[in-house]
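First the structure, in the form of structure tokens, and then the observations on it.
The values are calculated or read from the model by the stated rules, or taken from the named source; none is laboratory data. Keep in mind the model is a prediction, meaning the values are calculated, not measured. All Cβ positions, glycine included, derive from the backbone under ideal geometry; neighbour counts span all protein chains shown. Accessible surface areas use protein heavy atoms only, side chains included; no ligands, DNA or RNA. Shrake-Rupley method; radii C 1.70, N 1.55, O 1.52, S 1.80 Å.
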Amino acid sequence: MSGRTKLAAVLAISALVAAPTATASAAAEPAGPALARKLAKKVTVEGVNRHLIAFQRIADRNGGNRAALTPGYDASVEYVAGKLRDEGFIVTTPNFSFDVPITDAETARVDGVDYQALILTASPQTPVGGVTGPLRVVPEDATTGCEATDFAGQDFTGSVALIRRGGCTFEQKHLNAFAAGAIAVLVSNNTAGPLSNVTLTNPGKIPTGGISQADGTTLAGKAGAAVTVDMRYHNETRTQRNVIAETRTGRKNNVVMAGAHLDSVELGAGINDNGTGSAALLETALKLGSRPKVDNAIRFAWWGAEERGLIGSEEWVRSLTFEQQLDIALYLNFDMVGSPNAAYFIYDGDNSDAVGEGAGPYGSAQIEKAFADYFAAKGVPTEGTDFSGRSDYGEFIAQGIPAGGLFTGAEGVKTPAQAAKWGGTAGVAYDPCYHSACDNLGNVDRVALGRNADAIAFVTAAYGVSTEDVNGVPPRSKRAEARSAAALLKSAAHDDHSHAAVS
């Protein structure tokens, strides 16, 4: 990708490195601080995988999931916090409160039969009694409902649109249906089981609910029938915890932050989403240790209630004063870094892809370049991915804090070009088990997980040494050199003045 500035000496890659290819066999080691190179070697996929096994067993012992407001999430918090305390980190588990929707109605009624329709997060509610219209089925293909042309050939005015999941965001599907005149949307799952704990990226235009794959198939056979969609809820306040851990060394007014969400959806253990990010971050912290030789303190965060709308990270960032936010040099985000049909995506800090939300705050381009250079040195091609607002970097960016990170893909579909570049299967989702019960220990590409874990360790530690390219704060060695130079100049000036006085 073009248009990125170079990461100053800290992360420079040797000009002798050949252009990366997916089959590079003898890639050079990235040049950088000794701490970063050592940490990347210490963080192994075996160590990361042990934490994934722990998360799976925690889920198995607690109703099959680690979702916010469940015993499985509480046990995950205790596991992560306990490991970090044992290693000597300064650990807190700050509370945050949020409203939880309590269901009053969740049905789609056709021919006197009720089908479960779970309202998507950020969707408007229906009025009491619901909304009624003819059922219109969007023709199914690899990107069902993702283009306005999918709605051509039928009159969707006043209808309830039935759309199969996959190929694009839920938001895009519902916006296309709204533009076509639909009064409500039912998105049916593309894998076995219900479609729950999913969100529209922005507040929805019309009521949008999720139904199971089987019910979607049944309803598709009832096209044209009258359907009444009734989806309503009321809110009650609940409290949940984040996990925050910080090194005991390094300056506290130029902190490097790295985070991952710890909660799963209610359908399963959430081993890829986001056990992989949480486990890689935890192993990085443990192998770094609580007293590393860093210039900048490193603060690790495991966020709660991400799957309920990014709540834990948003509430934590908003709880900080302006000065406390100013103490954060940058934020690195790791949400799904071991998808089974993996891509190698880096958040597009400079908007060189010209897609979606634009560039991040100043410094985000440099973060992107740091990860891109690491993977290039390893012979692994990468692509940019948009700051789409679907993960915990959102509030950091909103407050002007530069951000970046890694992502191996969710429900999006791998292209033939990507399969040629990275391996895997074209025409299949990066994670076919995204937000499903099958997101378990068998749902991980451990080669991708190991590569991403090493990149996480390297870049995090490198920024612990210096953030000069991101915000102009030099490393300790440069500050010492500057002080020495200033002292020499002062001494020379004093000597010149004394000589002139004697003369």
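So, with +1 on the Cβ of K and R and -1 on the Cβ of D and E, and no other charges, what is the size of the charge dipole of the chain about its Cα centre, to the nearest 20 debye? Can you show the working numbers first?
On the way: 43 positive and 54 negative charges, 330 e Å.
Approximately 1580 debye in magnitude.
For C146, C438, the ranking by accessible surface with the largest value first comes to C438, C146, using a 1.4 Å probe. In sequence order, the stretch 136-152 has phi-based couplings of 10, 9, 6, x, 8, 8, 5, 10, 4, x, 8, 10, 4, 5, 5, 9, 7 Hz under the Karplus curve 6.51 cos²θ - 1.76 cosθ + 1.60, θ = phi - 60°, and Gly or Pro positions carry x. Across the chain, Cα pairs under 8 Å and at least six residues apart give a relative contact order of 21 percent. Of all DSSP bridge pairs formed entirely within the chain, close to 50 percent run antiparallel.
Screening the chain for whole DSSP H helices of 24 Å or more along their axis (Cα) with average Kyte-Doolittle hydropathy at least -0.5 returns 446-465. Near P340, once Lys and Arg are set to +1 and Asp and Glu to -1 for all other residues with Cβ below 13 Å from its Cβ, the sum equals -3.
Which order, highest average first, do 360-369, 120-129 follow once you tally other Cβ atoms within 10 Å for each residue and take the mean per peptide? Show your work: numbers first, answer last.
Numbers: 360-369: 23.8, 120-129: 16.9.
The peptides rank, most packed first, as 360-369, 120-129.
Checking the Cα-Cα distances for K293/K369; K38/K378; K41/K293; K41/K478; K287/K421; K252/K293 against a 20 Å cut-off, the pairs over it are K293/K369; K41/K478; K287/K421. For the stretch 102-234, DSSP calls about 60 percent of its internal beta bridges antiparallel. I want the local charge near A31. Using Cβ-Cβ distances under 11 Å, sum +1 for each Lys or Arg and -1 for each Asp or Glu among the other residues. Net charge in that neighbourhood comes out at -1.
The listed residues D350, D104 rank as D104, D350 when sorted by accessible area, largest first, using a 1.4 Å probe.
Counting only aspartates and glutamates at least 8 places from K222 when in the same chain, those with an alpha carbon closer than 13 Å to its own are D111.
How long are the semi-axes of the equivalent ellipsoid of the stretch 312-470, taking √(5λ) for every eigenvalue λ of the Cα gyration tensor, in whole Å from largest down?
Equivalent ellipsoid semi-axes, largest first: 27, 18, 15 Å.
Straight Cα distances below 20 angstrom link K173 to the lysines K205, K414, with same-chain residues fewer than 8 positions distant left out.
For the chain, what does the accessible surface come to per residue with a 1.4 Å probe? Please give it in Å².
Using a 1.4 Å probe on heavy atoms only, each residue of the chain averages 40 Å².
What a 1.4 Å probe finds exposed on the stretch 102-211 is 53% carbon and sulfur by accessible area, rounded to a whole percent.
Dividing the mean sequence gap of close Cα pairs (under 8 Å, 6+ apart) by how many residues the stretch 242-332 holds gives a relative contact order of 48 percent.
Distances between every pair of Cα atoms in the stretch 239-366, grouped in 10 Å steps from 0 to the bin holding the largest one, split as 12, 36, 40, 12, 0 percent. Rounded to two decimals, the Cα-based Rg/Rh of the chain, with Kirkwood Rh, is 1.04.
From Cα pairs below 8 angstrom and at least 6 apart in sequence, can you work out the relative contact order of the stretch 102-234, rounded to a whole percent?
Values: 341 pairs, mean separation 52.9, N = 133.
Computed over the stretch 102-234, the figure is 40 percent.
The ratio of the alpha-carbon radius of gyration of the stretch 102-234 to the globular-protein estimate 2.2 N^0.38 Å is 0.91.
Rounded, prolate or oblate: which fits the stretch 347-440, taking a ≥ b ≥ c as square roots of the Cα gyration tensor eigenvalues, rounded meaning a/c under 1.5, else prolate when a/b beats b/c? Oblate, because a/c is 1.5 or more while a/b does not exceed b/c.
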